[in-house]
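The values are calculated or read from the model by the stated rules, or taken from the named source; none is laboratory data. Everything quoted here is computed from the prediction, not taken from an experiment. Cβ coordinates were reconstructed from backbone atoms using ideal geometry, including for glycine residues, and neighbour counts include every protein chain displayed.
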Amino acid sequence: MGPHPVKIRAAVVDRMLCHARVEWPLECCGLLAGTDGMITAAFPATNALASPCEFFVDAAELIGTLRRIRESDLKHLGIYHSHPDTENVPSARDAAMAFYPSCTYFIVSPHSIRPLRAFEFVNGKAAELDIEVV
Ligand SMILES: [Zn+2]
């Protein structure tokens with residue numbers, strides 16, 4: 001477990017789990033935002049790859065979503081996606097695509113015993129974080 005828990009509102013957890021179920025069997029994805037280290041809002045995005053094993057948010061949607069986050073006076077704090085039928089540990093591609101070192105990466109596995117897990121990436125290596133639902 002990581003050195004510090006990531007704090008997130010229960011409603012945001014519910015929204016990610018719901019999004020993963022709706023998009024199943026494809027991967028869902030989205031951005032997470034909040035203030036003062038607390039994630040308070042989810043911004044669901046379109047998986048441009050419409051794939052069961054990878055995701056990508058196209059540049060125009062990503063830029064538009066980051067603008068909406070700023071206009072809501074929030075900070076971009078995280079990214080989430082689902083692993084529809086596999087365990088929620090980061091794939092090699094997830095590590096390679098972790099471009100935001102200050103972000104927390106949530107992975108939702110709707111059928112797992114632990115449907116939500118959180119990671120940060122340091123030098124391309126994943127470290128799991130405890131999740132504090134508030
Ligand atoms: Zn993944």
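Can you find, within the range 79-89, the residue that is surrounded by the most Cβ atoms within 10 Å (Cβ to Cβ) among those that are farther than 19 Å from T65 by Cβ and either near the ligand (Cβ under 6 Å from one of its atoms) or among the hydrophobic types (A, V, I, L, M, F, W, C) (or both)?
H83
Can we say Y80 is modelled with pLDDT under 95 and of a type in the set (F, W, Y)?
No: the conditions fail for Y80.
Here is a yes/no grid of residues against (1) among the aromatic types (F, W, Y); (2) in contact with a Pro (Cβ under 9 Å, 6 or more places away or on another chain):
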position	(1), (2)
L32	no, no
P44	no, no
P52	no, yes
L62	no, no
R67	no, no
F99	yes, no
V108	no, yes
H111	no, yes
F119	yes, yes
Discussion item. With the requirement that a residue be surrounded by 14 or more Cβ atoms within 10 Å (Cβ to Cβ) and either outside any loop (DSSP other than H, G, I, E, B) or among the aliphatic types (A, V, I, L, M) (or both), what does the range 1-16 give you?
Written reply: V6, K7, I8, V12, V13, R15, M16
Discussion item. It is to be established whether one or more residues within the range 68-85 are farther than 18 Å from F119 by Cβ, part of a strand (DSSP E or B) and either in contact (Cβ under 8 Å) with a residue 40 or more places away in the chain or among the aromatic types (F, W, Y) (or both).
Written reply: yes
Worksheet item: Is it true that some residue in the range 43-58 is part of a strand (DSSP E or B) and more than 15 Å from the ligand (Cβ to nearest atom)?
Response: yes
Worksheet item: How many residues are surrounded by fewer than 14 Cβ atoms within 10 Å (Cβ to Cβ), under 19 Å from V6 (Cα atoms) and not hydroxyl-bearing (S, T, Y) if we restrict to the range 90-122?
Response: 4
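Within the range 119-131, track down each residue that is more than 13 Å from the ligand (Cβ to nearest atom) and either in a helix (DSSP H, G or I) or small (G, A, S) (or both).
G124, A127
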Discussion item. Checking the structure you have, find out if any residue of the range 99-115 is near the ligand (Cβ under 10 Å from one of its atoms), farther than 17 Å from F56 by Cβ and either assigned to a loop (DSSP other than H, G, I, E, B) or touching an Asp or Glu at 6+ places or on another chain (Cβ under 6 Å) (or both).
Written reply: yes
Discussion item. Of all residues being charged (D, E, K, R) and outside any helix (DSSP H, G or I) in the range 23-42, which is surrounded by the most Cβ atoms within 10 Å (Cβ to Cβ)? Just the residue, please.
Written reply: E27
Discussion item. Against the condition touching a Cys at 6+ places or on another chain (Cβ under 7 Å) and within 23 Å of A11 (Cβ to Cβ), how does A45 come out, does it pass?
Written reply: yes
Worksheet item: Picking from M38, M16, which residue would you name as being away from the ligand (no atom under 16 Å from the Cβ) and touching a residue at least 60 places away in the same chain (Cβ under 8 Å)?
Response: M38
